[in-house]
């Protein structure tokens, strides 16, 4: 009987060692394994990188505690396409739309597959308007899509993952830091 108990104790120790090893492996993969988006944790997939043509033109954008590497949408075509068609966006990424002059630039969710926060920024790099958690509207015709319009003119529009505005306590009037 004592031999059976000792044998079971050894097996339990081996099992615990295997479980601990697998746990450490999973933690290591999560920490060092690559970029994940907020969506990937729910869908279980790794986010694809931003479009390589757009990715070459990026800038670091920061507001309070938020820091995102943002693709620059400089041309009318880049701005028209925006983030549409992508499955998700890495949590530390965004897209900064740059216009030649300040104006009232509307944003819609055409072709979007994930929710985003939208931040309009004036020529002085101050937030002038925010929409939180703009949702995709699959199956709607263009004329039926919600169009988000700022209440003030802006020269830049920043799109980031939904929830980041709230998580970083961003508000109208906050200064936005970036270099073009």
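Since every read-out is calculated from the coordinates, none of them should be taken as a lab result. None of these values were measured; they are calculated from a predicted model. All Cβ positions, glycine included, derive from the backbone under ideal geometry; neighbour counts span all protein chains shown.
General remarks:
- For region 60-96 and region 101-180, distance of Cα centres in Å: 11 Å
- Counting beta carbons within 10 Å around each of 158, 180 and listing the fewest first gives the order 180, 158.
- Peptide packing for 145-152, 88-95 was compared via the average number of neighbouring C-beta atoms within 10 Å per residue; ordered from the highest value, the list is 88-95, 145-152.
- Protection proxy ranking for 109-120, 129-140, using the average of other Cβ atoms within 10 Å per residue and placing the highest first: 109-120, 129-140.
- Based on Cα atoms of region 52-167, Rg over Rh with Rh as the Kirkwood radius reads 0.92.
- Proxy reagent accessibility, fewest Cβ within 10 Å first, across 58, 65: 65, 58
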